[in-house]
Number of protein chains: 2
Amino acid sequence: MLSREEIYRFLIDVVGEDDVSIDVADLFAYSMDASMRISMPAAVARPESREEVAEILKWADEKRVPIVPRGAGTSLSGQAVPVKGGVVLDMCKMDRIKEIDLEDRVAVVEPGVIYDELNRELGKLGYVFPPDPGSAIACTVGGMIANNASGIRALKYGATVDHVLGLEVVLPGGKIIRTGGRVWKSSSGLNLTKLFVGSEGALGVFTEIILKITPKPRYCGLTIPVFQKLEQALEATVEIMRRGILPSAMELIDDICIMIINSVLEEKLPIGEALLFIENDGYSERTVKEESRMVKEICEEKGARKIIYTTDTDRIEELMRLRHTLANMLSKLRGENIPLNNIQDFAVPIGSIPEAVRELKAMAQSHGRLMAIFGHIGDGNIHLGTAINPWKEEDRKAGAEFARRLAEIVVKKYGGTLSAEHGLGVTKASLVELEHGDTIEYMRAIKKVFDPHGIMNPGVMGLLEVPRDEFVYMPTRVAV
Amino acid sequence: MLSREEIYRFLIDVVGEDDVSIDVADLFAYSMDASMRISMPAAVARPESREEVAEILKWADEKRVPIVPRGAGTSLSGQAVPVKGGVVLDMCKMDRIKEIDLEDRVAVVEPGVIYDELNRELGKLGYVFPPDPGSAIACTVGGMIANNASGIRALKYGATVDHVLGLEVVLPGGKIIRTGGRVWKSSSGLNLTKLFVGSEGALGVFTEIILKITPKPRYCGLTIPVFQKLEQALEATVEIMRRGILPSAMELIDDICIMIINSVLEEKLPIGEALLFIENDGYSERTVKEESRMVKEICEEKGARKIIYTTDTDRIEELMRLRHTLANMLSKLRGENIPLNNIQDFAVPIGSIPEAVRELKAMAQSHGRLMAIFGHIGDGNIHLGTAINPWKEEDRKAGAEFARRLAEIVVKKYGGTLSAEHGLGVTKASLVELEHGDTIEYMRAIKKVFDPHGIMNPGVMGLLEVPRDEFVYMPTRVAV
């Protein structure tokens, strides 16, 4: 067992005094992410190069020090919470956009670059990295890759995994490997790139990323149908998909979400049991108009009471921002002053969206719980928000039990997944066998290939053991 | 070491006498695929169920008998050639389409279903499984998944990996696992589904496949610009991609290919140094027209001498069939009566297409070799065809040396890949370190997780050892 002092001295040797901290205020800041979990690391370090990362991972592997790579800490499932203590590697200093190559249509970046900043640079050149997660303003590209993040535009443009062409990864022991490259298509060898995407920091640390970039659509139309019944909105969704239209976004917002938005913001949304935000984009104005027309027609057929339509770019951005900030407003679900909320991130097969939503809603009612329903409904990704006060043990336990009941319905009855885009982290690790059964053993064996001593982000996905779902963890493996 | 008699008796017990053969004529038929390699198995068996596959894999793992799963044997890199002998598992009897669910938009199939047959059934319902490989008429879906096959329509719709949602896989030892499911999007656990896609039968045997299906585009336009210079065609390609147009196909056909097609078929293509077959499709007529107009404009800008355009479905099918059969006609490259040819399957970063093609062509000239250039040029996938007589050792050696020189240019100079869609198999296994360096060690360790005794398709991708590149292999591990 190393003392905190030994850890501190080693890290200073590698990254320099300014980029290490064992100050308790700093450690507290690094003890959490956007999930409702807290666990103190022994130290935090901010490496600046692949070589520094490699040196730290060589040492950590020898000394068996847990390593938790961290982007912006916006992870909703506790992927950046050091539940076994150890060292948090804050990747924020490796934030360079190394190259944007329009000929090859790739961007080469370091993991700490912020999603919106990358898109600002790409946007100047007419390109975009499209997944657009809710945390776009803050999250890092490295974090998105670690969690296979996606968001509003994944329906048409795919999740993060669909845009990653190559990676440089530092493995425990300090070995640096490269996977993939700049080619768009490859059937050469086992696909390690796609294995690393979504590995939640449990296999290694990304130090360079090659992304396929997409020409920015030039035209956009936003259709907002207002439905009296949630059911009608869900049926319109299924029908739009069935007709082969592929909106760039198709977002569901239920009555509770409308109420919250209207109570918080100046902008008032029209009232109904549900709204859809359906965005169609493209490279030709006529194409976008034509698709929007078809969308409008279907929504009318399905009983939309009113339909707002705009092609004004600023207005679309404003309205989509409303949708983006929704998750942050969910703490208003209860009158108390609770800074944290609890958001589920299920996906179900798209044909069962209407039935699954009905059943999940009924479950919430039977538990006497106010539950907001929203999400990227076009690809079956349903977010469910309930407010839980993590400081009250009783509330926490009831919340965990409620989440388990929802997960059982989603996985067992509908063949759904525990996480469409937020990852399992530590908060869903206790449910991992519900979805994966003993296939988890193969995931564990693959982890061992890259991380034989289990130093990388221990706890996530239940890859080492299935961790208890706690609020405050007490790391014991190394000094805190 | 088992005798052939022992192998025969065991297999009869499992699949019944009618579905096992050790007849030398059968074994010879199963000793090859579409590559220029021959190696005799000890026996061939045609299982009918996951349980039969599991029983065989349990026995094979205990007795260390090599197992080579086989679809239609259309693999171009020797993935179905039993280079270490053993048992070929012909999956042709597991060819059921179990379910087409339009609500969830998935098809559940067995591995032996033929690509075109699946699409015939899907087509009746207005859907398609789009990758469209050259072997579409014969190849099986299981084989496509094993090789992450793609083809003409991968540019817009993605390779096979982009359409596989879930798998049932039988592993050595007989364990049956399931990965993924019917959901479109998941960030739950390590992505085993995408790891199995492209694993070339080296990890396990697929027994059930869940595919995401795509609504069939209703309108289509085919633009065929004729260019005086190959260079102009390549520049048009780069420009079309840069403008954000996404054709459903963008195929290059060079002058040698035009000559071959014109000499073999009644259909005569216009003469030039290169043609492009650019197909635009969609769900709205206006959209397709608009995109075709933009494509035409760009081709004219880049100097197309003549442009053929048609929206007639039958005519488009005819013309695309010409492109499809091209690979089969390449044996005409030499006057001799050689039934086999040699097709390279590189991909390079799209920005370097013009330069890479120029250099590869110069290399062929300096070797005094007639080389046809064609392929899915939109995503950087370049096929190079030269005729090699496998029965002449000298010719074979020179061909292998030439292939290595091409590969060195593609990988080392342009950062390209050895295989965009055909897989490495055994024919490119000797080059594996050229592209992957020592990252191959991690692929080998992952193979060990699923196949600890190395019985699954030994030889492919160099996952056990780097096999010599032979024409006729002499398996020695089990009786032949």
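The values are calculated or read from the model by the stated rules, or taken from the named source; none is laboratory data. In this text the structure is predicted, and so the values were computed from the model without any measurement. Positions of Cβ are generated from backbone atoms using ideal geometry, with glycine treated the same way; all protein chains shown enter the neighbour counts. For the accessible areas, the whole protein counts, side chains as well, though only heavy atoms, and no ligand, DNA or RNA atoms are used. Shrake-Rupley method; radii C 1.70, N 1.55, O 1.52, S 1.80 Å.
Anything in region A:60-78 that is open to solvent by 10 Å² or more (accessible area, probe 1.4 Å) and within 22 Å of A:Asn147 (Cα to Cα)? List them, or say none. Across region A:60-78, the qualifying residues are A:Pro69, A:Arg70, A:Gly71, A:Ala72, A:Gly73, A:Thr74, A:Ser75, A:Leu76. Restricting attention to region B:282-298, does a residue exist that is more than 14 Å from every other protein chain (Cβ to nearest Cβ) and either in contact with a Gly (Cβ under 7 Å, 6 or more places away or on another chain) or closer than 22 Å to B:Phe374 by Cβ (or both)? Scanning region B:282-298 turns up no residue that is more than 14 Å from every other protein chain (Cβ to nearest Cβ) and either in contact with a Gly (Cβ under 7 Å, 6 or more places away or on another chain) or closer than 22 Å to B:Phe374 by Cβ (or both).
Looking at A:Lys124, is it away from chain B (no Cβ under 14 Å) and open to solvent by 20 Å² or more (accessible area, probe 1.4 Å)? For A:Lys124, the condition - away from chain B (no Cβ under 14 Å) and open to solvent by 20 Å² or more (accessible area, probe 1.4 Å) - is met. Has region B:151-167 got any residue that is more than 28 Å from B:Asp281 (Cα to Cα) and not small (Gly, Ala, Ser)? Among the residues of region B:151-167, at least one is more than 28 Å from B:Asp281 (Cα to Cα) and not small (Gly, Ala, Ser), which makes the answer yes.
The residues of region B:284-310 that are small (Gly, Ala, Ser) and under 18 Å from B:Val226 (Cβ atoms), listed by number, are B:Ser292, B:Gly303, B:Ala304. When B:Arg4, B:Arg9 are screened for being outside the structural domain of B:Asn457 (by TED's automatic domain parsing), closer than 24 Å to B:Leu171 by Cα, without any contact (Cβ under 8 Å) to a residue 24 or more places away in the chain and of a type outside the set (Ser, Thr, Tyr), only B:Arg9 passes. Just one of the listed residues (A:Lys185, A:Lys216) is modelled with pLDDT of 95 or more and among the basic types (Lys, Arg), and it is A:Lys185.
Under the condition of being more than 7 Å from chain A (Cβ to nearest Cβ), farther than 18 Å from B:Glu401 by Cβ and either over 18 Å from the mean Cα position of the chain (by Cα) or not in a loop (DSSP other than H, G, I, E, B) (or both), the residues counted in region B:424-438 number 2. Of all the numbered requirements in (1) free of Cβ contacts under 8 Å to residues at least 24 places away in the same chain; (2) within 15 Å of B:Glu355 (Cα to Cα), B:Val411 misses one, and that requirement is (1). Among the residues of region A:173-194, those identified as more than 19 Å from A:Leu211 (Cβ to Cβ) and crowded, with 23+ Cβ neighbours inside 10 Å are A:Ser187, A:Ser188, A:Gly189, A:Leu190.
Total residues in region B:32-73 satisfying the condition of being assigned to a loop (DSSP other than H, G, I, E, B) and either modelled with pLDDT of 95 or more or in contact with a Leu (Cβ under 8 Å, 6 or more places away or on another chain) (or both): the figure is 17. For region B:278-292, the criterion of a residue being at negative phi, in a loop (DSSP other than H, G, I, E, B) and open to solvent by less than 20 Å² (accessible area, probe 1.4 Å) is satisfied by at least one position. Look through A:His453, A:His436 and report the one residue that is in contact with a Gly (Cβ under 6 Å, 6 or more places away or on another chain) and open to solvent by 10 Å² or more (accessible area, probe 1.4 Å). Of A:His453, A:His436, the one residue that is in contact with a Gly (Cβ under 6 Å, 6 or more places away or on another chain) and open to solvent by 10 Å² or more (accessible area, probe 1.4 Å) is A:His436. Residues considered: B:Ile245, B:Ile271, B:Ile307, B:Ile316. Of these, the only one that is in a helix (DSSP H, G or I) and either in contact (Cβ under 8 Å) with a residue 60 or more places away in the chain or at negative phi (or both) is B:Ile316. Looking across region B:36-59, just one residue is buried (at least 20 other Cβ atoms within 10 Å of the Cβ) and of a type in the set (S, T, N, Q), and that is B:Ser39. In region B:136-164, of all residues being of a type outside the set (A, V, I, L, M) and without any contact (Cβ under 8 Å) to a residue 60 or more places away in the chain, the one that is most open to solvent (accessible area, probe 1.4 Å) corresponds to B:Asp162. In the condition set (1) among the small types (Gly, Ala, Ser); (2) buried (at least 18 other Cβ atoms within 10 Å of the Cβ); (3) modelled with pLDDT of 90 or more, A:Ala387 is compliant with all but (3).
Filtered by the rule that a residue be open to solvent by less than 10 Å² (accessible area, probe 1.4 Å), of a type outside the set (Val, Ile, Thr) and within 11 Å of chain B (Cβ to nearest Cβ), region A:233-249 gives A:Met241, A:Gly244.
Is it the case, given these coordinates, that B:Leu275 is among the aliphatic types (A, V, I, L, M) and either more than 22 Å from B:Glu291 (Cα to Cα) or open to solvent by 10 Å² or more (accessible area, probe 1.4 Å) (or both)? When the stated conditions are applied, B:Leu275 does not pass them.
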